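The values are calculated or read from the model by the stated rules, or taken from the named source; none is laboratory data. Since the structure is predicted, the reported quantities are computational estimates derived from the model, not experimental observations. Glycine also receives a Cβ, built like all others from the backbone with ideal geometry; neighbour counts cover every protein chain displayed.
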Amino acid sequence: MSSQQVRTFASRQYPCEKCPLRPLPAFRDFDKQELSFVSTFKRGELAVDRGATVLVEGSHSAHLYTVLSGWAFRYKLLPDGRRQILNYSMPGDLVGLQGSLMGEMQHSVEALSPMLLCVFEREQLHELYRNHPGLAYDITWIASREERMLDENLLSIGRRTALERAAYLIAFIVRRARGTGVTGKVPITQQHVADTLGLSLVHTNKTIRKLMDRKLIHWRDGGCEVVDYEGLKKLARWQGLGEERRPLI
């Protein structure tokens with residue numbers, strides 16, 4: 001990451017005890033022992049500019065991160081530069097777990113907007129698994145949830161029509177964002193949508209236009225605004241994510 005895109009904070013703006021995400025109903029409570037460990041696990045915060053690469057496929061990182069604010073996306077590249085976006089990260093999501101457990105990253109992560117990340121030492125994961133089984137279960141839950149989301153994305157690419165795919169993707173992202181108190185525009189371009197759905201940019205543009213004609217979304221400079229979330233769900237034949245509370249590391 002270039003110095004123009006990323007800067008570190010010498011001190012913490014948000015101690016774990018005063019994390020602005022913890023009071024949100026989407027996240028489960030920590031007990032005092034867990035919170036004490038996570039407070040020592042955290043090493044600081046990292047500010048990331050829009051467009052910065054947070055993690056690079058094939059790299060080794062000494063850190064993993066929790067998104068405190070902002071958006072990112074995970075992706076893989078083919079040798080000729082074609083890109084497949086795998087998923088999107090937003091507040092409360094853990095980033096870099098794969099590299100921490102498997103030695104190197106199998107995908108890259110880029111910031112969609114300015115971000116603030118909580119920084120954790122990869123080496124302390126061993127202590128977490130050894131002495132804090134509740135937190136270890138949380139990390140397993142997070143990994144399983146990611147697998148479930150990828151299952152749905154694979155179903156979408158394999159069996160949904162282009163219109164259903166686009167409706168599902170936008171509804172999925174908005175539902176996840178609302179769970180963490182994020183509202184307003186989804187900061188993605190039509191190229192991001194194309195690279196997520198495996199469609200050409202021309203096909204994506206025509207598909208987005210159909211969603212707009214149905215008055216399900218608005219597409220403005222800076223991103224997508226959802227007009228009818230339930231209409232998107234119905235069009236995509238998607239039941240939603242449910243209301244379960246999730247861990248926050």
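How about the range 159-185: which of its residues are touching a residue at least 60 places away in the same chain (Cβ under 8 Å) and either among the aliphatic types (A, V, I, L, M) or not assigned by TED's automatic domain parsing to the domain that holds Val226 (or both)?
If the condition is that a residue be touching a residue at least 60 places away in the same chain (Cβ under 8 Å) and either among the aliphatic types (A, V, I, L, M) or not assigned by TED's automatic domain parsing to the domain that holds Val226 (or both), then Leu163, Ala167, Ile170, Ala171, Ile173, Ala177, Val182 are the ones that fit.
Quick check on Ile142: is it under 23 Å from Thr53 (Cβ atoms), assigned to a helix (DSSP H, G or I) and touching an Asp or Glu at 6+ places or on another chain (Cβ under 9 Å)? Let's see the steps before the verdict.
Working: under 23 Å from Thr53 (Cβ atoms): yes; assigned to a helix (DSSP H, G or I): yes; touching an Asp or Glu at 6+ places or on another chain (Cβ under 9 Å): yes.
Yes, satisfied.
Let me confirm something: among Tyr88, Tyr129, Tyr75, which residue is out of contact with any Gly (no Cβ under 9 Å at 6 or more places or on another chain), assigned by TED's automatic domain parsing to the domain that holds Gly51 and either of a type in the set (D, E, K, R) or in a helix (DSSP H, G or I) (or both)? Give the steps one after another, and end with the answer.
Details: Tyr88 fails: either of a type in the set (D, E, K, R) or in a helix (DSSP H, G or I) (or both); Tyr75 fails: either of a type in the set (D, E, K, R) or in a helix (DSSP H, G or I) (or both).
One residue alone meets the criteria, Tyr129.
Just to be sure I understand the filter: pairs with C-beta atoms under 6 Å, separated by 6 or more residues or on different chains, first member in the range 45-57 and surrounded by fewer than 16 Cβ atoms within 10 Å (Cβ to Cβ), second member of a type outside the set (Asp, Glu). Which pairs pass?
Arg50/Ala111; Arg50/Ser113; Arg50/Pro114
Just to be sure I understand the filter: pairs with C-beta atoms under 9 Å, separated by 6 or more residues or on different chains, first member in the range 190-204 and farther than 17 Å from Leu150 by Cβ and not assigned by TED's automatic domain parsing to the domain that holds Leu112, second member of a type in the set (Val, Ile, Thr) and surrounded by fewer than 14 Cβ atoms within 10 Å (Cβ to Cβ). Which pairs pass?
Ala194/Val202
Are any residues in the range 42-57 assigned to a strand (DSSP E or B) and closer than 20 Å to Gln190 by Cα, and if so, which ones? Please lay out each step first, then the result.
The initial filter retains those residues of the range 42-57 that are assigned to a strand (DSSP E or B), namely 42-48, 53-55.
Hit for the range 42-57 is Thr53, nothing else.
I'd like to check something: does the range 204-211 contain any residue that is among the aliphatic types (A, V, I, L, M) and modelled with pLDDT of 95 or more? Spell out how you get there, then give the answer.
In the first step, residues of the range 204-211 are kept if they are among the aliphatic types (A, V, I, L, M); the result is 208, 211.
Next, only the ones that are modelled with pLDDT of 95 or more stay: 208, 211.
Yes: one or more hits.
Would you tally the residues in the range 13-29 being part of a loop (DSSP other than H, G, I, E, B) and in contact (Cβ under 8 Å) with a residue 12 or more places away in the chain? Show your work before the answer.
To start, the set of residues in the range 13-29 that are part of a loop (DSSP other than H, G, I, E, B) comprises 13-15, 19-26, 28-29.
Filter again for in contact (Cβ under 8 Å) with a residue 12 or more places away in the chain, leaving 13-15, 19-22, 24-26, 28.
Going through the range 13-29 one residue at a time, the tally reaches 11.
Just to verify a result, which residue in the range 58-72, among those that are part of a strand (DSSP E or B) and touching a Pro at 6+ places or on another chain (Cβ under 7 Å), is surrounded by the most Cβ atoms within 10 Å (Cβ to Cβ)? Step through it out loud before you land on a result.
Residues of the range 58-72 part of a strand (DSSP E or B): 63-69, 72.
Subset that is touching a Pro at 6+ places or on another chain (Cβ under 7 Å): 67-69.
Working: Val67: 23, Leu68: 19, Ser69: 17.
Filtering the range 58-72 for residues that are part of a strand (DSSP E or B) and touching a Pro at 6+ places or on another chain (Cβ under 7 Å), the one surrounded by the most Cβ atoms within 10 Å (Cβ to Cβ) comes out as Val67.
So which of Gly158, Gly184 is over 19 Å from the mean Cα position of the chain (by Cα), small (Gly, Ala, Ser) and not in a strand (DSSP E or B)?
Sole residue among the options that is over 19 Å from the mean Cα position of the chain (by Cα), small (Gly, Ala, Ser) and not in a strand (DSSP E or B): Gly158.
For the range 191-208, name all the residues that are buried (at least 18 other Cβ atoms within 10 Å of the Cβ) and of a type outside the set (Gly, Ala, Ser).
Result: His192, Val193, Asp195, Thr196, Leu197, Leu199, Thr204, Thr207, Ile208.
Out of all the residues in the range 35-43, is one or more closer than 18 Å to Leu125 by Cβ and in contact with a His (Cβ under 6 Å, 6 or more places away or on another chain)? Show your work before the answer.
Restricting attention to the range 35-43, the residues satisfying the condition of being closer than 18 Å to Leu125 by Cβ are 35-43.
This time we only want the ones that are in contact with a His (Cβ under 6 Å, 6 or more places away or on another chain), so: 37.
Yes, the range 35-43 contains at least one residue that is closer than 18 Å to Leu125 by Cβ and in contact with a His (Cβ under 6 Å, 6 or more places away or on another chain).
Within the range 209-249, work out how many residues are in contact with a Cys (Cβ under 8 Å, 6 or more places away or on another chain) and surrounded by 19 or more Cβ atoms within 10 Å (Cβ to Cβ). I'd like the intermediate steps shown before the answer.
First, pick out the residues of the range 209-249 that are in contact with a Cys (Cβ under 8 Å, 6 or more places away or on another chain): 217-218, 248.
Keeping just the survivors that are surrounded by 19 or more Cβ atoms within 10 Å (Cβ to Cβ) gives 217, 248.
Here the count works out to 2.
With the requirement that a residue be outside any loop (DSSP other than H, G, I, E, B), of a type in the set (D, E, K, R) and more than 20 Å from the chain's Cα centre (by Cα), what does the range 213-232 give you? Walk me through how you get there before you give the answer.
Filtering the range 213-232 down to residues outside any loop (DSSP other than H, G, I, E, B) leaves 213, 217-220, 223-226, 229-232.
Restricting the remaining residues to those that are of a type in the set (D, E, K, R) gives 213, 220, 225, 230.
Asp213, Arg220, Glu230 - these are the residues of the range 213-232 that are outside any loop (DSSP other than H, G, I, E, B), of a type in the set (D, E, K, R) and more than 20 Å from the chain's Cα centre (by Cα).
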